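Taking it in order: structure first as structure tokens, then the write-up.
The values are calculated or read from the model by the stated rules, or taken from the named source; none is laboratory data. A quick note: this is a predicted structure, and the numbers were derived from the prediction, not measured. Glycine also receives a Cβ, built like all others from the backbone with ideal geometry; neighbour counts cover every protein chain displayed. Each accessible area value is taken on the protein alone, full model and side chains, heavy atoms only, with ligands, DNA and RNA left out. Shrake-Rupley method; radii C 1.70, N 1.55, O 1.52, S 1.80 Å.
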Amino acid sequence: MVNNHLTSGDTLYKWAEELFPICRSITGDGVRKSLQYLCEKIGALEIFSVPSGERVFDWNVPQEWNIVGGYVDYENGERIIDFKEHNLHVVGYSEPVDKIVSYEELNKHLHSLPDQPNAIPYVTSYYKPYWGFCISEEKRKLLDPHKKYHVCIDSSLKKGSLNYGELIIPGCQSEEVFLSSYICHPSMANNELSGPIVLAALCKYLLARKNRYTYRIAFIPETIGSITYLSRNLPELKDKVIAGFNITCVGDERCYSYLPTKYGNTVADKALKHVLNWATKGSFIEYSWLDRGSDERQYCSPGVDLPIASFMRSKYGTYPEYHTSLDDLSFISSQGLYGSQELMASVLGLIDSNTIYVATQLCEPNLGKRGLYEQISKKNSVKSDSRTLLNILSYADGTNSVLDISEYLGMYFFDVLEMCSILESNELLVKG
Amino acid sequence: MVNNHLTSGDTLYKWAEELFPICRSITGDGVRKSLQYLCEKIGALEIFSVPSGERVFDWNVPQEWNIVGGYVDYENGERIIDFKEHNLHVVGYSEPVDKIVSYEELNKHLHSLPDQPNAIPYVTSYYKPYWGFCISEEKRKLLDPHKKYHVCIDSSLKKGSLNYGELIIPGCQSEEVFLSSYICHPSMANNELSGPIVLAALCKYLLARKNRYTYRIAFIPETIGSITYLSRNLPELKDKVIAGFNITCVGDERCYSYLPTKYGNTVADKALKHVLNWATKGSFIEYSWLDRGSDERQYCSPGVDLPIASFMRSKYGTYPEYHTSLDDLSFISSQGLYGSQELMASVLGLIDSNTIYVATQLCEPNLGKRGLYEQISKKNSVKSDSRTLLNILSYADGTNSVLDISEYLGMYFFDVLEMCSILESNELLVKG
Amino acid sequence: MVNNHLTSGDTLYKWAEELFPICRSITGDGVRKSLQYLCEKIGALEIFSVPSGERVFDWNVPQEWNIVGGYVDYENGERIIDFKEHNLHVVGYSEPVDKIVSYEELNKHLHSLPDQPNAIPYVTSYYKPYWGFCISEEKRKLLDPHKKYHVCIDSSLKKGSLNYGELIIPGCQSEEVFLSSYICHPSMANNELSGPIVLAALCKYLLARKNRYTYRIAFIPETIGSITYLSRNLPELKDKVIAGFNITCVGDERCYSYLPTKYGNTVADKALKHVLNWATKGSFIEYSWLDRGSDERQYCSPGVDLPIASFMRSKYGTYPEYHTSLDDLSFISSQGLYGSQELMASVLGLIDSNTIYVATQLCEPNLGKRGLYEQISKKNSVKSDSRTLLNILSYADGTNSVLDISEYLGMYFFDVLEMCSILESNELLVKG
């Protein structure tokens, strides 16, 4: 049902390979370059610039950060850490620095993970002036405590802009389904190249279809980006959005997972849970609102209260490779990306076609005269399909959507929908 | 409490014996003869005729079918199948036929049950022109494939009428309780002579009582009969019916069962479940709406939405004898019929007396001055009865019916009702 | 949080020792003497007199009963039973008597407990004229059946008054929290000196605090006292009381227990259950409305419908010493009384501070610029406290009280309240 217009897993993985080396942060050239890349793949994306310092609710858009390079050398010039080798080596939003420091001083600016000695951690300091380097614990242990070190970061923090991409795909109705992911992480694969890549593929999928709802897709930096986006669009979003999904950590092949809206009772929750349940035969993880940590924090905050849930595979914070250099291209796969695309396309397909159908006839209709029923009534002769048709009709009393009926019948939404189409074409159901 | 005015099990079984041989179908002389018989037993029944061809919602009343006889002979006149031996031998609504056919041709018109080799199946073809015979698998195997056969059915399909019986027993209030069963099955006992027989007994029971509600009872052919009845009476039914029951398959001695209304939340559901629970100590079967197959399909359909549930013992379709010649008089019993009558009389008694009582006194009343309480208060001296009286009074706040209070107290409705009467006669409760 | 202004356990026990010997009943000098004692301890208590015969709903205030003494002697003057030894020896509300009776006649007026041979039972006859004595089964067995007995009760039943004490402690708001206990039991400790003693301590606690709600405290005789109090104050109570507690049997050290309001869904139920759950780690007894037997019978009766639950340790009727001379000062303890005082003070503190807070910011606020968040974001760096702050803010959408949020977060109310104060002082929450 949803296979048309999907992008192949190999293509998705190639996009990941091409985007991986770019050094992204919440602002800067890396973000713009990544948005430009996604724009080309999708074929359309409006890129917005919000000037540094602009007030966004309780926050201000930060200065723009760019980095040319960074390294730590022994005084003799022997290089120990080099940004060119991995962009995680420099703490995100590091101020420029260029000086000789003692081992003790250096240590105050070094970050490593004793429990994961071969991993470079991902560290940022967006809102407190700081500079620092990240290094594997293995390498850190080799540093000579008696030597002096030349630390150099060639970065800039200046008035500039925060960028995000937005695509609005008009549908038959002005009500909107909202989708978002992050374009603010440097070279890590699951968290987060998988999200924007799957989201770009969903854009292509939606552009190729005739949709009932209007789709609003945002590629934003996490937290400050969603806050900025909400501060510019909240009244319209509150007016139009009937469901939405934050898409993150969807590139691996592990278990799917879902983080609900605050009260877990929106169409977004019901649709995502239904598809997850049928697609995985029930083996997915349902997190609690208290486990949240992504942009649902903003979307469901008091006064915002949008019906937006989060879709994931291995959730941020739950897998050991998270926020380290180990979350690399080997952690994700073409199958992992494709599966997430396909599942989410089903969810969107469900929402888009989740009509309320109403029966046109009082009492059970005469299926026989419409060729929908075996004519000779014998013991056990009722065909299972005509039985299902009658079950659907019995619930089509104007109070139930196709999804509601699917849950009553214990059937997959798209199987019920197909039956509804048969009934509609036989004028036994009309859209309510 | 409900034993007065019930008909004895032996009498009920005698009715079954007398009605059993009649060849009933959804129309025809057998239906009229059966309705006439029931009218005599009840003492009152209005019989309605609806002309063939009349539009009833999505259907048309079919032509009237009557049958004189039918047989299959070898060409030499040796009789193989004879309608006179069992009226299940001819497919219901068979067109007339009188010709010589080959073994192959005959086989296209024969119905048997390989898994039940000694049973004649029950087959009908109400809406597709057809003729056919039903035969036991044992007998079928003996047919000579090399011979020719004389098939003869002396039936007629003509403009006539569909008949049903209706009895309205006026009560103090115009709100109605609706009851129905089927008069369309040929010689089978549980499904369905048991239903109309128990229903006739309930008519006598209700006629002998002073009732609060008005009772509307319909003896109808299944499906087309309920559709016809609804098409003629729907506005009035929707206006008046507060609860109802479809009564079917109630003649055997096996487990009682219940099939709920679509959402299972009406007074009919609650009353039937309460009585079943207390009468059977919880050992009854509760089916799902998805298991339905009787006239609740029409009564609870969208736009009809009447609060009508089904009461059964061995449900149609669940017992091996169903819709075969094995569902004969040995399958039902006088005890089985009587028990169903008694249980349903309790359900109707419950609904009829399910008042909302309201306490007349603020705070607990002085039971002692009314002789309802032991006067000397000692350790453990409170009599259990006065305790129950106070429990009932505590819930009599205008939001709870007697049935609601019974569920709160974990007591049988009629025990609570008796206590309510004591309290009412002591002016501690008034009807709300 | 609630330790300030609590009375020490030793003091509470001393009060019990001093009040124990007084012979209380539902009326009379013992009640007035006890109320006067409590008034002195609390420092304030208005004592009301309601004349005998006054109509109170379905009841009349009974005559006032006073007793000087009572005994049973052999004809030779040898004393067998003496009121001076224990005031339980004379049946409460016994008429005066002074005559010689046979052993058989005496037996009609004797009460003992075969299963508890060393206990004097507690027996009353408030509403049926009677006289009688209570005696241990051991002693009763020694009585000589061939002798005559001199029975003498020097009591009076006259027009007088029913007394109760009331204290109203005005708060910032006119809505009230209601508390009550009993002053009608003769020399028994848990049921009931523990209730009025803990209640007197709570009066002192509330008088020493600045309260949001107004507190209304009543020291009343059981049943007839609450009926009398309600008949005089019902419109005002219905208008003002938002929660309340009946406090009884709270002096021992056994398990805490709770008896809900009729439907168990009031703020009183939720607050008491929350504190019990956290204070006892879940090991408390939750009774059903059907187990009731104290003044919640009146407070929750139809038409009264006040949100008043009962707080207890060993519930009346559930412990063997109940309503016998074995419920003496050894059954209660200073720790038992203090624990109940402390727990109830927490419940009152919860209700008094159970505000609805509303977040002031759209989206998550910038905790960092307020010093509420660690500035450098690393893997696993979010402090648990800032996480909790954000959790609280996420639920502060105007639909949830602090108690609701505590239940969502699985945290103790007072821990959440402390966090709310931090957020309020940082202008991130305002009272809704």
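A few comments on the model shown:
- Taking every Cα-Cα distance in the range C:313-432 and sorting them into 5 Å bins from zero, the calculated P(r) comes out as 2, 10, 17, 16, 12, 9, 7, 7, 6, 6, 4, 3, 1, 0 percent.
- The simple Förster model, with R0 at 35 Å and r as the Cβ-Cβ distance, assigns C:Ala44 and C:Cys255 a FRET efficiency of 0.55.
- Other copies of A:Asn265: label-to-label distances in nm, shortest first, labels 7 Å along the beta-carbon direction: 1.3, 1.3
- With each label modelled as a point 7 angstrom along the Cα→C-beta vector, the A:Asp328-C:Thr399 pair spans 4.7 nm.
- Overall, the accessible surface of chain B at a probe of 1.4 angstrom is composed of carbon and sulfur to the extent of 49 percent.
- Partners of C:Lys158 within straight-line reach, counting aspartates and glutamates whose Cα lies under 15 Å from its Cα and excluding those fewer than 8 residues away in the same chain: C:Asp29, C:Glu54, C:Glu64, C:Glu95.
- The interface between chain B and chain A buries about 2500 Å² of solvent-accessible area in total (1.4 Å probe, ligands and nucleic acids excluded).
- Stretch in chain C that is longest and holds no GluC sites (Glu not before Pro) that DSSP places in a loop and that have at most 10 other beta carbons within 10 Å: C:79-432
- The range B:207-240: trypsin sites (Lys or Arg not before Pro) falling in loop per DSSP and having at most 16 other Cβ within 10 Å: B:Lys210, B:Arg212
- Hydrodynamic analysis of the range B:237-359 uses the Kirkwood radius over alpha carbon pairs. Inserted into Stokes-Einstein at 20 °C and 1.002 mPa s, it gives a translational diffusion coefficient of 142 µm²/s.
- Per residue, the average separation of C-alpha pairs within less than 8 Å and at least 6 apart gives chain B a relative contact order of 17 percent.
- In summary, the lysines within cross-link reach of C:Lys431, defined as a Cα separation below 22 angstrom excluding same-chain residues under 8 places away, comprise A:Lys262, C:Lys210, C:Lys240, C:Lys270.
- Pseudo-label separations to other copies for A:Pro21 - Cα-to-Cβ vector, 7 Å, nm: 9.9, 9.9
- With protein chains left intact and a 1.4 Å probe, residues in chain B average 37 Å² of accessible area per residue.
- Most fluctuating residue given options B:Gly244, B:Gly349, B:Gly69, as computed from a GNM of chain B linking Cα atoms under 10 Å: B:Gly69
- Computed from the Cα positions only, the extents of the range C:380-432 along the three principal axes stand at 33, 24, 18 Å, in decreasing order.
- Counting from the shortest, the label point at B:Asp385, 7 Å from Cα toward Cβ, is 6.7, 6.7 nm from the same position in each remaining copy.
- Proximal lysines to B:Lys141, defined as alpha-carbon separation beneath 16 angstrom and excluding residues fewer than eight positions away on the same chain: B:Lys108
- Comparing A:Leu230, A:Leu142, A:Leu337 in a Gaussian network model of chain A (Cα springs below 10 Å), the most mobile by mean-square fluctuation is A:Leu142.
- Binning the alpha carbon pair distances of the range C:1-93 at 5 angstrom intervals from zero yields the distribution 2, 10, 15, 16, 15, 14, 11, 8, 6, 2, 1, 0, 0, expressed in whole percent.
- Highest mobility in the GNM of chain B, judged by mean-square fluctuation with C-alpha springs under 10 Å and restricted to B:Gln335, B:Gln173, B:Gln298, is found for B:Gln173.
- Only Cα sites of the range B:89-141 enter the Debye sum here, all with the same form factor; the resulting log10 I(q)/I(0) across q = 0.15, 0.20, 0.27 1/Å is -0.41, -0.70, -1.08, listed in q order.
- Using distinct alpha-carbon pairs, which all enter the 1/r mean, Kirkwood radius of the range C:106-255 in Å: 18.6
- Sorting C:Leu306, C:Leu113 by accessible area puts them as C:Leu113, C:Leu306; the probe is 1.4 Å, largest comes first, and only protein heavy atoms count.
- Ratio of Rg to Rh over the protein assembly as shown (Cα coordinates, Kirkwood Rh, two decimals): 1.08
- Shielding by partners - mean other protein chain Cβ count within 10 Å, residues of B:321-330: 1
- Mean shadow area of the range A:14-164, taken as a quarter of the surface of its Cα convex hull (nm²): 10.5
- Estimated Rh, the range C:131-198: Kirkwood, alpha-carbon pairs, angstrom: 17.4
- Once the chain from C:Glu18 to C:Glu236 is taken as fully extended at 0.36 nm per residue, the excess over their C-alpha distance is 75.0 nm.
- Computed P(r) (all Cα pairs; chain B; 10 Å bins; percent): 4, 20, 27, 21, 13, 7, 4, 2, 1, 0
- Trypsin sites (Lys or Arg not before Pro) within the range C:29-113, DSSP loop, no more than 13 other Cβ atoms inside 10 Å: C:Lys84, C:Lys108
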